[in-house]
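Structure first, commentary second.
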Amino acid sequence: MSPRRNRQGGANPPDRADHSGAGRYGFETTEEWRGEDWVVRPVGGGGAAKHYRCPGCDQEIPPGVPHVVTWPRHGDVDDRRHWHKACWNARNRRSARLQRSRNAPRY
């Protein structure tokens, strides 16, 4: 067995710079959609702890699946939506009204 290496640098090692915009879940970007600026934040699999409903495909996003969270730049916390990354990238090619089956849950 090899001995443990001593790491130098303490709490803030010099190679890990503090980037502005980098939070617990990743970098935020701003994208335009439907004439509004939307904040887009990626969420890794470890940060996804609940079930969400993707507005792009109307399918469930289970816990542990990486996805993106979006909200209007000047919106409220209640305006956040969780999308599959592929659905967010294809949002302009999707229809405006989704048809939900009768027995599909509404959340």
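Taking each residue as 0.36 nm, the span from ASN103 to VAL39 lengthens on full extension beyond its C-alpha to C-alpha distance by 19.8 nm.
Remark on VAL43: its backbone amide H falls under 5 Å from those of HIS67, VAL68, VAL69, a criterion applied only to residues 5 or more positions apart or on other chains, H modelled at 1.01 Å from N. To the nearest µm²/s, what D does Stokes-Einstein give for region 24-95 at 20 °C and 1.002 mPa s, using the Kirkwood radius over alpha carbon pairs as Rh? For these conditions, the coefficient is 173 µm²/s.
If you plug the beta carbon distance of ASP58 and ASP78 into 1/(1 + (r/R0)^6) with R0 = 25 Å, you get a FRET efficiency near 0.80. Label-to-label distance for ARG4 and ASN92 is 5.3 nm, based on points extended 7 Å past Cα in the beta-carbon direction. So what are the ³J(HN,Hα) numbers for region 68-73, from phi and the Karplus equation (6.51, -1.76, 1.60; θ = phi - 60°), rounded to whole Hz, Gly and Pro as x? Calculated HN-Hα couplings, in order: 10, 10, 10, 7, x, 3 Hz.
Measuring with a 1.4 angstrom probe and ignoring ligands and nucleic acids, ARG91 comes out at about 30 Å² accessible.
The values are calculated or read from the model by the stated rules, or taken from the named source; none is laboratory data. Predicted model only: the values in this text are computed from it and were never measured. So basically every Cβ, Gly included, is an ideal-geometry build from the backbone, and we count neighbours across all protein chains shown. The area values use the complete protein model at the heavy-atom level, side chains included, leaving out ligands, DNA and RNA. Shrake-Rupley method; radii C 1.70, N 1.55, O 1.52, S 1.80 Å.
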